[in-house]
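**Q** Once you've had a glance at the structure underneath, I'll fire off some questions.
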Ligand SMILES: *Cc1c(COP(=O)(O)O)cnc(C)c1O
């Protein structure tokens, strides 16, 4: 029995006919870029995320870039975010010409630490604080960052808040949906996300009618009306096939999320029964709707050895992420050093994502826990 980290074929079998019907219709129409399928998806996503507006774009990375562009952020500006995230979060900041400022994570959920955030901001001189224009909290692994203190600080300084919700569609913080709390919410439809397309895609949510219009212009080279360019945008368009796949899948998302949550509960029981609770640190649920894009455990001894052993036994795992962003070669110019963000660095050495997708059987989950127990006991 193998346990892959993710098996999208199992999911596809359950929605195959629905998907093929809509793909056929699009092929017959030969209308591929934006259009009614993209609009229909935007309406559905906006409702799901509890925001008035949603704008389909070419990827989650581009969602971040276009949100920063819409907010008018560029050279000379600084944007605060976490170093423990997928590269795109800080990459987008650099791509628009701004400077990322990292603030360490809290170790329980691996999200931006509001206390450290306050300390970093309090220690800034006036010029440094004036350069900050935005903050990007990341809802890592499918659980929201502690948004209230972040939103409060941003309000006080008049900073834009861009939620990187690429891993967190449907996650909630005090009853509020990911992507509905900040000025922008950025989502990814990369196939391995909880709501994945059949290629690249993404969406930006916003509560502002003005920003909705701006995002729509920017994704079409700032064009409005045709061939008149008011802004310098780019080609950030989404295609109809991706939008249609997402729209079909969205009707199943809550059921899949429930399957992930049930698997998380089963893992917790199995780890407890195996007597591993003290040895293996299980994910901590700090916010009320964790959608488990990933189920990430922490092991403080030889994580990579465990990972190799599991791989040899047919169990897929992944490390999100092995190198915090302040230690990436391309960000050397920021002048950060090892030791600057100790919680991120510690997490990078300890985290291990286990298979959590909804189609897993209990026997598969039990095998994962059993193999971990064997490795720890040896
Ligand atoms: C996946 C991801 C992105 C980028 O999304 P793409 O669609 O792959 O461009 C950005 N941020 C985070 C936290 C992600 O997990």
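**Q** Please work out which residue is farthest from the ligand (Cβ to nearest atom), limiting yourself to the stretch 158-169 and to residues that are in contact with a strand residue (DSSP E or B) (Cβ under 7 Å, 6 or more places away or on another chain) and farther than 17 Å from residue 91 by Cα. Spell out how you get there, then give the answer.
**A** Residues of the stretch 158-169 that are in contact with a strand residue (DSSP E or B) (Cβ under 7 Å, 6 or more places away or on another chain), as a first pass: 159-166, 169.
Checking the rest, the ones that are also farther than 17 Å from residue 91 by Cα come to 159-160, 169.
Values: 159: 19, 160: 17, 169: 11 Å.
Ranking the qualifying residues of the stretch 158-169, first place goes to 159.
**Q** List the strands (runs of 3 or more DSSP E) inside the stretch 48-136, counting only whole elements, that have at least 1 residues being more than 12 Å from the ligand (Cβ to nearest atom) and over 28 Å from residue 189 (Cβ atoms). First the steps, then the outcome.
**A** Numbers: elements: 53-57, 78-81, 99-102, 132-136.
Output list reads 78-81, 99-102, 132-136.
**Q** Of the residues 185, 234, only one is within 16 Å of the ligand (Cβ to nearest atom) and within 30 Å of residue 355 (Cβ to Cβ); which? Break it down into steps so the answer makes sense when it comes.
**A** On the way: 234 fails: within 30 Å of residue 355 (Cβ to Cβ).
When all the criteria are applied, what remains is 185.
**Q** Applying the selection to the stretch 310-328, what residues are within 19 Å of residue 355 (Cβ to Cβ) and surrounded by fewer than 19 Cβ atoms within 10 Å (Cβ to Cβ)? Before you say what the answer is, go through the steps one by one.
**A** Kept after step one, since they are within 19 Å of residue 355 (Cβ to Cβ), are these residues of the stretch 310-328: 310-322.
Selection gives 311, 312, 313, 314, 316, 318, 319, 322.
**Q** Among the residues that make up the stretch 324-341, is at least one of them without any contact (Cβ under 8 Å) to a residue 24 or more places away in the chain and on the phi > 0 side of the Ramachandran plot?
**A** Within the stretch 324-341 (the criterion being without any contact (Cβ under 8 Å) to a residue 24 or more places away in the chain and on the phi > 0 side of the Ramachandran plot), the answer is yes, since at least one residue qualifies.
**Q** Check whether at least one residue in the stretch 105-116 is touching a residue at least 24 places away in the same chain (Cβ under 8 Å) and farther than 24 Å from residue 281 by Cβ, and report yes or no.
**A** Checking the stretch 105-116: not a single residue is touching a residue at least 24 places away in the same chain (Cβ under 8 Å) and farther than 24 Å from residue 281 by Cβ.
Values quoted throughout were computed directly from the atomic coordinates according to the rules given, and no laboratory measurement underlies them. Predicted model only: the values in this text are computed from it and were never measured. No Cβ is skipped: glycine too gets one built from the backbone with ideal geometry, and neighbour counts run over all protein chains shown.
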